[in-house]
Amino acid sequence: MYTWHWHTWNDLPYLTCSLLESWQHGFFTQQYAPRPPSELTRVLHDTAIAYRVKQVHGNTVLTPLEIAATQPDAEETDNPHPPADGLVTNQNEQAVWVCSADCTPVLIADEATGQVAAIHAGWRGTALKIVPEAIARMQAAGSKLEHLRIAMGPAIAGEVYQVSEHVAAEVGASIAPVDPANLNDAISTLHAIPNSPVLPDPEPGRVKLDVRRVNALQLEQLGIHPEQIAIAPHCTYQDPENFFSYRRSKQRKAQWSGIISR
């Protein structure tokens, strides 16, 4: 239903999603490395201020105001970025950014308020429900669920993301009443979910995990309609031309995704 479009800036490609067409945003490719968010923001907007955090695979979500309060002298510190994995705007023309390489970049926009969020959702953050946490922050600031539009960008596809059964059970506990300590029952329960995010794997003790599908199920359980959610048809692991993939190369490189409030 929603389309994903390639754009170019100085002959370099980046993606946008039609679901977020009212907001300046982009899921950038590895070709933009090593440009930081402050430079990438200029691709989308002339004057917006860029914000980012030090990603730690948790579920902390901050606003630009909180970032400023956490690091009042950010430019004078060795680590100017506070630890978190999500950002929610609180004013207009704020650009929020997350980086990823196999983990899921999630951009959220509120069509009523114009405010936005950017979230880094790896399997750990997904198990901790970071996307619902970001939405709770938006609701506390006046957002309504029916006004949200959510796009999940390029990430490793479930068909190629092999994990241990324990990891799958830990993540699966965020969407189903399973006990990760009881692996056999947990995996059986997760396999039985319609369009299950847990896929079989021939290696004993392993399964394949679709993290974006887990996030979509978390959103649907909040009461968000599937038509409010778009998932990119791009896999970081299977597209070495455009995307870094830690699982593929074991290199600590990542691409940025960002959106600007209006």
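The values are calculated or read from the model by the stated rules, or taken from the named source; none is laboratory data. Owing to the predicted nature of the structure, the values given are computational and were not obtained by experimental measurement. Note: ideal-geometry Cβ built from the backbone for every residue, glycine included; neighbour counts use all protein chains shown. Side chains are part of the model used for accessible areas, which takes the heavy atoms of the whole protein and leaves out ligands, DNA and RNA. Shrake-Rupley method; radii C 1.70, N 1.55, O 1.52, S 1.80 Å.
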key: Within the range 129-155, considering residues that are small (Gly, Ala, Ser) and assigned to a helix (DSSP H, G or I), the one least open to solvent (accessible area, probe 1.4 Å)   = Ala134
query = Out of all the residues in the range 102-109, is one or more open to solvent by less than 40 Å² (accessible area, probe 1.4 Å) and modelled with pLDDT under 95?
reply = no
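Quick grid of which residues meet (1) open to solvent by less than 40 Å² (accessible area, probe 1.4 Å); (2) among the basic types (Lys, Arg); (3) assigned to a loop (DSSP other than H, G, I, E, B):
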| residue | (1), (2), (3) |
| --- | --- |
| His7 | no, no, no |
| Gln31 | no, no, no |
| Arg35 | no, yes, yes |
| Leu40 | yes, no, no |
request  = Within the range 14-21, identify whether any single residue is over 21 Å from Arg149 (Cβ atoms) and part of a loop (DSSP other than H, G, I, E, B), and answer yes or no.
outcome  = no
ask   = Here is a list of conditions, (1) within 18 Å of Arg262 (Cβ to Cβ); (2) buried (at least 19 other Cβ atoms within 10 Å of the Cβ), and Ser18 meets all of them except one; can you say which number that is?
value = (2)
query = When both residues are 6+ apart or on different chains and their Cβ atoms are under 6 Å apart, which pairs have a first residue that lies in the range 87-99 and is farther than 8 Å from Ser261 by Cβ and open to solvent by 60 Å² or more (accessible area, probe 1.4 Å), and a second that is of a type in the set (Ser, Thr, Tyr) and not in a strand (DSSP E or B)?
reply = Asn90/Thr63
ask   = In the range 147-169, is there at least one residue being in contact (Cβ under 8 Å) with a residue 60 or more places away in the chain and more than 17 Å from Cys103 (Cα to Cα)?
value = yes
